[in-house]
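Coordinate-derived values only; no laboratory data. Treat the numbers as computed from the prediction; the structure is a model and nothing was measured. Positions of Cβ are generated from backbone atoms using ideal geometry, with glycine treated the same way; all protein chains shown enter the neighbour counts.
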Amino acid sequence: MEQFQYQQGSLACEGVALSEIAATYGTPVYVYSERSIRERFEALEQAYASVPHLVCYAMKANDNLSIVRLLAGLGAGADIVSGGELFRARRAGVPADRIVFAGVGKSRAEIAQAIDEDVLLLNVESMDELDAISEVARQKGRVARVAARVNPDVDPHTHPYISTGLRKNKFGVPADRVIEVYRRARDDQYLHPLGIQMHIGSQLVHVQPIADAVERLVELVHRLRVEGVDLHYVDVGGGLGIRYRDEEPEGPTDLAAKILPAIRELGVTLLCEPGRYIVGASGALLTRVLYRKENGAKKFVVVDAAMNDLIRPSLYDAYHEIRSVRQCDGEEIVDVVGPICESGDFFAHDRLLPGVQPGDLLAIMSAGAYGFAMASNYNARPRPAEVMVSGTQHRLIRRRETYQDLLRAEEGL
Ligand code: LLP
């Protein structure tokens with residue numbers, strides 16, 4: 001259910017008016033619906049309920065501790081891509097045996113950290129990396145559980161920057177080299193090959209490419225059994241899309257219908273790594289209109305959020321719906337832009353909006369995933385606050401950064 005709805009002419013998140021959030025915490029501010037996060041997670045749980053499974057939340061989408069803690073409490077694990085994410089996952093209470101570690105370039109320090117913490121699986125992307133994991137495990141006298149990330153060479157039909165499962169992408173071990181990697185792991189006393197993983201891309205509107213890739217993984221699991229490698233985990237990655245504009249994305253039930261029969265027959269535990277699906281539509285970026293201006297025929301609405309707060313429009317030309325918090329009359333075509341000194345600093349070009357005025361609030365929708373997580377301090381702008389709404393309650397889950405925060409890593413230097 002959509003948790004951002006108009007109530008008496010004013011946009012609200014669950015039972016809290018966004019105008020109240022802005023008045024309490026200032027703008028720009030990220031606002032999340034706890035109910036939406038719960039519902040989306042539960043939808044995944046239900047879809048996969050008929051097989052042993054673990055939903056490993058892809059923390060890169062939004063690693064706020066309160067959000068990760070909420071999901072951990074619901075039974076989620078974590079999909080991490082760095083030592084920093086491992087640190088945050090453990091801080092948020094995710095048990096190590098529910099953490100899978102992905103990434104094409106893990107450093108030896110990160111591998112050591114993962115082995116010390118004893119994470120469930122290290123997803124390996126190359127023979128070189130497997131050697132590094134073996135070496136670190138040997139030094140520690142420990143056995144590392146590993147999975148190969150397979151590059152299944154399947155086209156996910158998504159934006160090229162977030163497409164990862166084609167041969168030309170840097171990710172994964174090509175399907176024809178996978179057996180070699182497992183033989184190497186099988187014959188190494190410091191490695192325990194226990195899983196197989198893939199992730200072909202993000203914001204997929206159709207699940208068939210994922211199902212096609214899973215089919216390749218299933219074949220590999222059968223072939224590996226003949227080789228004496230008995231895998232217990234099949235990890236199908238993340239990638240389920242959400243609606244930003246007018247997409248009608250297929251969801252976890254559609255994917256489950258296609259892949260669960262094979263997973264059940266293999267007798268393995270299903271792992272998945274959704275990020276955007278859980279938090280994307282559960283969050284919005286709330287910003288205030290500063291000025292209106294016109295350059296010839298072009299109209300601009302200048303807001304107090306900028307590309308440093310939400311970079312997706314600038315980086316991927318991504319579409320985010322923009323709603324006026326106050327339901328108002330009039331229609332006009334405008335560009336919605338931020339205060340940063342480059343033309344790439346925009347949230348929408350030639351967008352039809354109601355006639356908003358300085359002081360009005362706008363909500364940039366579906367900003368819960370890869371929003372705050374990709375925010376920066378560009379132009380020495382403190383990063384925004386984050387607020388969690390639950391029913392009629394709201395609470396700060398990250399305070400707005402201060403000027404002092406901007407100096408912290410340089411203090412005394
Ligand atoms: N697993 C792996 C190995 C990944 O690389 C990713 C995302 C995920 C899971 C989670 O994918 P999701 O379920 O969220 O689609 N910044 C971009 C998205 C980058 C995704 C990178 N990998 C954006 O704003 O669209």
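Couplings 3J(HN,Hα) of region 109-115, computed from phi: 5, 5, 4, 4, 4, 5, 5 Hz, in residue order, whole Hz [Karplus 6.51 cos²θ - 1.76 cosθ + 1.60, θ = phi - 60°; x for Gly and Pro]. Every Cα-Cα pair in region 76-224 was counted, and those over 23 Å apart are 36% of them.
Determine the percent antiparallel among the DSSP beta bridges restricted to the chain, to the nearest 5. Could you put the intermediate results ahead of the total?
Numbers: 35 of 72 bridges.
Rounded to the nearest five, the antiparallel share is 50 percent.
Using the Kirkwood radius built from alpha carbon pairs, what does the Stokes-Einstein equation give as D for the chain at 25 °C and 0.890 mPa s, in µm² per second?
Details: Rh = 22.4 Å.
Reported coefficient: 109 µm²/s.
Residues in region 397-413 carry Karplus couplings, in order, of 10, 7, 6, 4, 5, 10, 4, 4, 4, 5, 9, 3, 7, 10, 4, x, 9 Hz; the curve used is 6.51 cos²θ - 1.76 cosθ + 1.60 with θ = phi - 60°, and Gly or Pro positions show x.
Pairs 60/106; 106/140; 106/168; 60/170; 140/170: which exceed 24 Å Cα-Cα? Checking Cα-Cα distances, 140/170 exceed 24 Å.
Using DSSP to define loop residues, name the trypsin sites (Lys or Arg not before Pro) in region 214-256 whose beta-carbon has at most 16 other beta-carbon atoms within 10 Å. Before the final figure, lay out each step's value.
On the way: sites: 216, 223, 225, 243, 245; in loops: 243, 245.
Sparse-neighbourhood loop trypsin sites (Lys or Arg not before Pro): 243, 245.
With contacts taken as Cα pairs under 8 Å at a separation of at least 6 residues, the chain carries a relative contact order of 19 percent. Its DSSP H runs of at least 4 residues, each contributing -39,500 (n - 2.57), put the calculated 222 nm mean residue ellipticity of the chain at -8500 deg cm²/dmol, to the nearest 500. With θ taken as phi - 60° and the Karplus curve 6.51 cos²θ - 1.76 cosθ + 1.60 applied, the whole-hertz 3J(HN,Hα) list for region 53-69 is 7, 9, 8, 9, 4, 6, 4, 4, 5, 5, 9, 3, 4, 5, 6, 5, 5 Hz, x standing for glycine and proline. Under a no-solvent Debye model with one identical scatterer per Cα of region 1-131, what's log10 I(q)/I(0) at q = 0.14, 0.15 Å⁻¹? Each listed q corresponds, in turn, to -0.73, -0.80. Positive contributions from Lys and Arg (+1) and negative ones from Asp and Glu (-1), summed over other residues with Cβ under 15 Å from the Cβ of residue 269, come out at -4. Amide H neighbours of residue 153 under 5 Å, at least 5 residues apart or on other chains, H built in the peptide plane: list them. Answer set, sorted by chain and number: 167. Give the cross-link partners of residue 293 among the aspartates and glutamates, using a straight C-alpha distance below 20 Å as the criterion and excluding same-chain residues fewer than 8 apart. Within reach: 304, 329, 331, 332, 335, 342, 345, 350, 360.
What longest range of the chain stays clear of loop-exposed GluC sites (Glu not before Pro) (DSSP non-H/G/I/E/B, at most 15 other C-beta within 10 angstrom)?
Details: sites that count: 2, 227, 247, 331, 342, 411.
Value returned for the longest uninterrupted segment is 3-226.
What number comes out for the charge environment of residue 186, summing +1 per Lys or Arg and -1 per Asp or Glu over other residues with Cβ under 11 Å away?
Working: positive: 183, 184; negative: 180, 187, 188, 227, 230.
Here the count lands on -3.
Note: relative contact order over region 34-276, using C-alpha pairs below 8 Å and six or more positions apart, is 20 percent.
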